[in-house]
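See below for the structure under consideration.
Any read-out appearing in this document is the output of simple, stated calculations on the displayed coordinates, not a laboratory observation. This one's a predicted model, so the numbers in the text were calculated from it and none came from an experiment. Glycine gets a Cβ as well: all are built from the backbone with ideal geometry, and neighbour counts include every protein chain shown.
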Amino acid sequence: MRKGQPAVPRDDQMQEQVENSRPPPEPELPVSTGRRTRAGWVALVLAMVIGLVTHGYNAFRYPLYLTDEGIYTEQAWSTLREGRLSPYTYFYDHAPMAWIVLAGWYGILPGQFQSFGNPINAGRVLMVVVHVLAVFLLFEIVRRFSGSTVAAFLATFIFSVSPLAIYYQRQVLLDNLMVFWVLVGLYVLARKDGRIVTAMGAGGAFGLALVTKENAVFLLPGFAYLMHRGVTGHLNRRFSASFWWFATLSPVAAYLLFAQIKNELFPAGMDFNLNSPPAGHVSLLYTVWWQLHRTAAGSQGSAFAELLRSSWLPRDKYLLLGGTVAALAALLLGLGDRRRGAPLIGAAVLAIGYGFYLGRSVLLDFYVMPLVPLLSLCIGLVYARITRRIKPTAAALVAVALMAGPLATPGGYLLKYDQFHRLVGVDQYRISLTDLQHKQIQWVRDNVPPNSKMIIDDDSWVALHEDEPKFRNAHSHWKAASDPDVRDNVFHASWENLDYVAMSNRMRPAMEQNNGGGQEDWILQAIDQHGEQVWQASKGNVELQIIKINH
Amino acid sequence: MQPILLVAITALSLLLTAQAAHTLYLMIYTWDQPDSGAMAGVPDERADPSLSFTVIVPARHEEKVIQGTIDRAATVNYPAHLVQLLVVCSADDTGTIARAQETIDRLNAAGRQDAQVVVFDDGPVNKPHGLNTALRYARNDVVAVFDAEDEVEPELFSIVNTVMTQEHVRVVQAGVQLMNYESNWYSTFNVLEYFFWFRSRLHYHARTGAIPLGGNTVFFDRELLESVDGWDEFNLTEDADIGLRLSAAGEQVRVIYDHRYVTREETPPTLGHFIRQRTRWSQGFMQTLKKGTWKQLPTRRQRILAWQTLAFPHAQALLGLYLPVAIITAFVLRSPTIVALISWLPVLMLAAHFVTAVAGLYEFTGAHGLRASPRTVLTMAFTWLPYQLLLMYAATRALRRQLMGVGNWEKTAHIGAHRTPDTQSAATDSVADSTATDSADSTATGPAANEEGATGRAS
């Protein structure tokens, strides 16, 4: 055989040879492999600085500390201080990954819960850090999928300045950490280096998102689509896909295993009757079953349309309307160019999947938060697609014009008219609300004996349990109403065993809404028939009180 | 007592998890590497034949397959005058000698030179002694080792000639692949073990510079082989041993794996043979570990890899012994949740290995133009744990033999299940006569072969 002469395979090997010798097909997901230019670096750093400023400035003062922030902070406190997932009975209402991370954060801070004043503030610092990292991730996801720095900047700009984003992303919420893991997963997926460990890492990140907040499951179709399209054409596609799924499901399996080890996976007697919760012990699957059957009536949630009208659209109509249009456009553009349109389709399916969840579930208003980065992603990718044939400078100018609109318009991202029709800055950069909560806690410290039996809201729980003097008998009204350990053992469900009630803003309506079975009756009776207001503070429509129960 | 037990369980679980994760990574190593094609690939263009080869085929009770193997080795796509063919047998194996001689006579009559049967009548009667005996008759540039049941790939010599001359390497390990993945319940996993070993793991070993070579389809520069005095005749895995000795000497090994050019083999025909083969391999690794060649490897990374590889059967045996303890402990011991969770990590890794096996099955069948059925996957799901238990049993058996000083060679029988009908030289007669354990060939007590091949003869 002469040099240069190709080897001749046997006939029965021809098919194999063809498969082996052909060059690997072009990957289906278009990827920017170009290095970041200097302008690209500047844009990325600028985007992160914008994220830091918009989320960090005034974050300790606005918005009010929310009940849910308090719940997750107290569960992180319990993890760190008691080695438990909750100071009360953990009933699998959420997977614990988020507050384990939060506990780790508090653990590494030199001052732990006291690092930044109120314990929730340290959690808010973590949220700002997470947001800045999320800006980096979103920027890179859009840039890698579209190749457009301008589009990446546009997406992250919206993600950072939208009032909807700022309001909820400053709060210590599971959704913020869930979104972070989702973005990590997408970022790793967008690396497209063809390695199995990359797919595994993307799956692992998404798995962590699932055990951070379960509603991430509605992002599964979009995520899985992007992954499968990403590995198509690679010689290791079988391994990559298998390990993506494996890594995704592993944290979920660990969560189920955790419940099973504690004998809390199934309800006692396999009783899934929603009308009479099984006695004996809590159950993960029973809680899931209960959550699947929750309706807006009689529960703490509201319906999608109501929240959209009363809360979300007033905060940021630009993002919600523009993002929805972008998601639909992404779907159409992607379907029109299936080979290169995978990122567009994937982003659209992610947003639509989450929108589907919002449309069908019982909601709290912050549930909208994950939609913000998903709609921003759609806007970025669609913008990159429709401006791909024009010069980058022109695309940048158009983007600046688009960004300037909501910034300059009163009622937009920066300015609004106050009640005197004066042009002022928007609340998130100007108003202080949490000072009322600080004053309330301080009054308790100054005037209430530490051994008093108190009903509080969760937002002040860690402050009262961590700082000296400790108020060990201060409990959340949710637990005082429903947790037998607290209701029966501490208060014996009687107003006579209650000394003070520290009312947070809108705690009264929440108690009434939570009173479907009469479980809050004894607290309401204490307030209405034996209570005396001893402290009160208000600002705008926010009002806090402290009520002493006279025996 | 309980805290100590809990710490021990946690430590063992983490250790097993780390070991399993590393093994898993080695299994998928080449698929994970962007340059895997260049790492394992066969040159697209072939160099002119310049190297001469001596093919050594050690055979023992291989009457059923030896003729086909010789025929195939004699008709490779390489100039005949550059290929010397040596079949090496023990003098007591008259059946194989007769069959081999018959074929070689036919080849000689057809004008083929340099083909002969080498017979030895000294001990130990085992493969490394046969190889060393044949090595003394080898006179070509490169020594190639094939097993008696191998289907020698015709293009292989041309490929190795190209690799050795162009890449200036003196040792080449080409792929070996079991093919009969649906023969019985354990054959699927056995086939996949070979697949992952040659397709992936060996490349990592080669790149690191600590490679336990395979027993066949391996090519050595003859002078290099002679400089290290050939194979260790008292080692049950002389192939792994020589690989590590050459690695310690700084020799770079090139591993080739291309589905088109693998040497096809078969899984052991019965469970008993499988266990004996696996016992031999496990014990051979234990011997090689004890021998300490790995300590001579130049870098810590190489030493750790070699140690980890050689110590694996020990770990497997200990796991086999630990399993009943673990089951009892699970019922008796009340452990903290975190300890219980950690103790499940090895199970997670076991599941990861299963996922890898299933993906590997589709890779293997896809590459060889075969078709994996969901039924096979379902069977794998049920046989996965029993197979792991089987491996643990073999490792435990090896450990017991090692501790008792039993070191005889337990031979694996071959029936040609991997061969297509036209290449299978023998019919499907009973293999009972070739499947007996060779209890007489004790390598522990046999004399070492003397110099100059005094007890060997060529016929």
Next on the checklist: Output wanted: per-residue J couplings in Hz (rounded whole) for the range A:198-204, from phi through Karplus 6.51 cos²θ - 1.76 cosθ + 1.60, θ = phi - 60°, x for Gly and Pro.
Outcome noted: 5, 4, 5, x, 4, x, x
Item to check | Karplus (6.51, -1.76, 1.60) ³J(HN,Hα), θ = phi - 60°, over the range A:106-115, in Hz, Gly and Pro reported as x | outcome: 4, x, 8, 6, x, x, 6, 6, 9, 4
Next on the checklist: If the reach is capped at under 18 angstrom between alpha carbons, list the lysines near residue A:317, excluding any in the same chain fewer than eight residues apart.
Outcome noted: A:416
Checklist outcome for this item: Taking A:148-158, A:393-403 and ranking on average Cβ neighbours within 10 Å, highest first, one gets A:148-158, A:393-403
Checklist entry - With point charges of +1 on the Cβ of Lys and Arg and -1 on the Cβ of Asp and Glu, referenced to the Cα centre of chain A, which listed residue (A:263, A:155, A:504) lies farthest in the positive direction of the dipole? => result A:155
Checklist entry - Per-residue mean of other chain beta-carbon atoms within 10 angstrom of the beta-carbon, peptide B:364-376? => result 1
Checklist entry - If one computes the Cα centroid of the range A:343-364 and of the range A:232-287, what distance in Å separates the two points? => result 22 Å
Checklist entry - According to the square roots a ≥ b ≥ c of the eigenvalues of the Cα gyration tensor, what is the shape class of the range A:434-549, taking rounded for a/c under 1.5, prolate for a/b larger than b/c otherwise, and oblate for the remainder? => result oblate
Checklist entry - Points 7 angstrom from Cα along the Cβ direction at residue B:113 and residue A:288: gap in nanometres? => result 7.6 nm
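At a 10 angstrom cut-off on C-beta neighbours, averaged per residue, how do the peptides B:363-376, A:262-275 rank from highest to lowest?
The densest-packed peptide leads the list: B:363-376, A:262-275.
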Next on the checklist: Under the rule a/c < 1.5 gives rounded, and otherwise a/b versus b/c splits prolate from oblate, where does the protein assembly as shown land using the Cα gyration tensor?
Outcome noted: prolate
Checklist entry - Under unit Cβ charges (Lys, Arg +1; Asp, Glu -1), what dipole magnitude, rounded to 20 debye, does the protein assembly as shown have relative to its Cα centre? => result 2920 debye
Item to check | Inter-chain Cβ neighbour average for residues B:347-357, partner chain, 10 Å | outcome: 3
Next on the checklist: Sort B:347-355, B:135-143 by the packing proxy (mean of other Cβ within 10 Å over each peptide's residues), most packed first.
Outcome noted: B:135-143, B:347-355
Item to check | Per-residue HN-Hα couplings for the range A:480-486 [Karplus 6.51, -1.76, 1.60; θ = phi - 60°; Hz; x = Gly/Pro] | outcome: 5, 8, 10, 8, x, 4, 8
Item to check | Most positive-pole-ward Cα, B:269, A:123, A:71, against dipole of the protein assembly as shown from beta carbon charges | outcome: A:123
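Just the number, please: percent antiparallel of the DSSP beta bridges in chain A, rounded to the nearest 5.
Counting only bridges with both partners in chain A, antiparallel ones make up about 75 percent.
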Checklist entry - Using modelled backbone amide H atoms (1.01 Å from N, in-plane), which distant-in-sequence or interchain residues come within less than 5 Å of residue B:151's amide H? => result B:264
Checklist entry - Out of residues 5 or more away from residue A:503 or on other chains, whose amide H comes under 5 Å of its own, with H placed 1.01 Å from N in the peptide plane? => result A:545, A:546, A:547
Checklist outcome for this item: Amide H contacts under 5 Å for residue B:176, restricted to residues at least 5 apart in sequence or on another chain and with H modeled in the peptide plane, are B:263
Next on the checklist: Taking the Cα centre as origin and putting +1 on Lys and Arg beta-carbons and -1 on Asp and Glu beta-carbons, what dipole magnitude results for chain A, to the nearest 20 debye?
Outcome noted: 3100 debye
Checklist entry - Out of the DSSP beta bridges found with both residues in the range A:434-549, what percent are antiparallel (nearest 5)? => result 70 percent
Next on the checklist: Beyond a 27 Å Cα-Cα separation, which of these cross-linked pairs lie in this structure: A:439/A:548; A:213/A:470; B:64/B:127; A:213/A:479; A:479/A:548; B:64/B:290?
Outcome noted: A:213/A:470; B:64/B:290
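Where in the range A:402-491 are there chymotrypsin sites (Phe, Trp or Tyr not before Pro) that are in a DSSP coil and have at most 13 other Cβ atoms within 10 angstrom of their Cβ? Spell out each step's value before the answer.
Values: sites: A:413, A:417, A:420, A:429, A:443, A:461, A:471, A:478, A:491; in loops: A:413, A:420, A:471, A:491.
Passing sites in the range A:402-491 are A:420.
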Next on the checklist: Please list, by residue number, every one of the trypsin sites (Lys or Arg not before Pro) in the range B:278-335 that is coil in DSSP and has at most 10 other beta-carbon atoms within 10 Å.
Outcome noted: B:334
Checklist entry - For the range A:76-126 and the range A:433-510, what is the separation of their C-alpha centers, rounded to whole Å? => result 19 Å
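Size of the dipole of the range A:434-549 about the Cα centre, Lys and Arg at +1 and Asp and Glu at -1 on the beta carbon, nothing else charged, in debye to 20?
180 debye
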Checklist entry - Taking K and R as +1 and D and E as -1, what net charge do the other residues with C-beta under 12 Å from the C-beta of residue A:544 add up to? => result 0
Checklist entry - Across peptide A:233-244, what mean number of C-beta atoms from other chains lies inside 10 Å of a residue's C-beta? => result 5
